[in-house]
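This report refers to the structure that appears directly beneath it.
Derivation of every value follows stated rules applied to the coordinates shown; laboratory data play no part. Please read all numbers here as calculations on a predicted model, not as lab measurements. Don't worry about glycine lacking a Cβ; one is built from the backbone with ideal geometry, like all the others, and counts go over all protein chains shown.
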Amino acid sequence: MIVLLIGIVIFFGVHLIPLTGIKILLVERIGEKKYQGVFSIISLVGLLIIIYGFSLIDDCNPMMVDCETDNLFLWDPFEYSREISFLLMPVSIIFIVAFLIESNFKRILRHPMLISVLIWSLCHLLSNGNLRSIILFASFGTYSLIDLILTRKSTEQVSSYPITKDALVIVIGLIMYSIILYFHQYVSGIQIVERNNFFFFLP
């Protein structure tokens, strides 16, 4: 658990810097490019430590005799958490795409990536009551909420984008969602859907 916590402190510690006046001081001292380079390296190191630390923690049930883990189970998955996740996760992925592609989604939401991470965190907290998952997803959700509150919205007026841009964002988002569902087992070790039929992407 210590490794996971170290990764979280490193990752979110460096991500909190832009929300304070420290970033301005660092940019003035070392320059924008060096700052972005150092920021990216530290972020990547923190993320890799988080992934490694998360994988080190045994997810067996501590109530079992042969289970030695500090991964406590604090609650069972909430009722209908699976159905809620199947409804909200496509929205989360679409918002990620909206962050990457200029569209009316980004114009209206301003911070689609942060909203996406917030939704992703909520869905996984509803579905996972073990300590390692709570620490991980609550950290991402809390940071996203803080960033949403503290980040100033741009007052620049942007004209509307063609509806085809929005349609493209939705289509790409749904394709990405299907891919994530299919390969979720290989990333997290948890199989969400059966893949023995053409409609594997449906709950």
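Values computed for the structure shown
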| item | result |
| --- | --- |
| Distance histogram for region 1-56 (every C-alpha pair counted, 10 angstrom bins, percent rounded to whole numbers) | 26, 45, 22, 7 |
| Spin-label model distance (nm) - Tyr80 vs Tyr182, 7 Å beyond Cα toward Cβ | 3.1 nm |
| Förster-model FRET efficiency, 25 Å R0, Thr20 and Ile51, C-beta, rounded to 0.05 | 0.40 |
| Using a Förster distance of 25 Å, the FRET efficiency for Leu109-Ile175 (Cβ separation, nearest 0.05) | 0.75 |
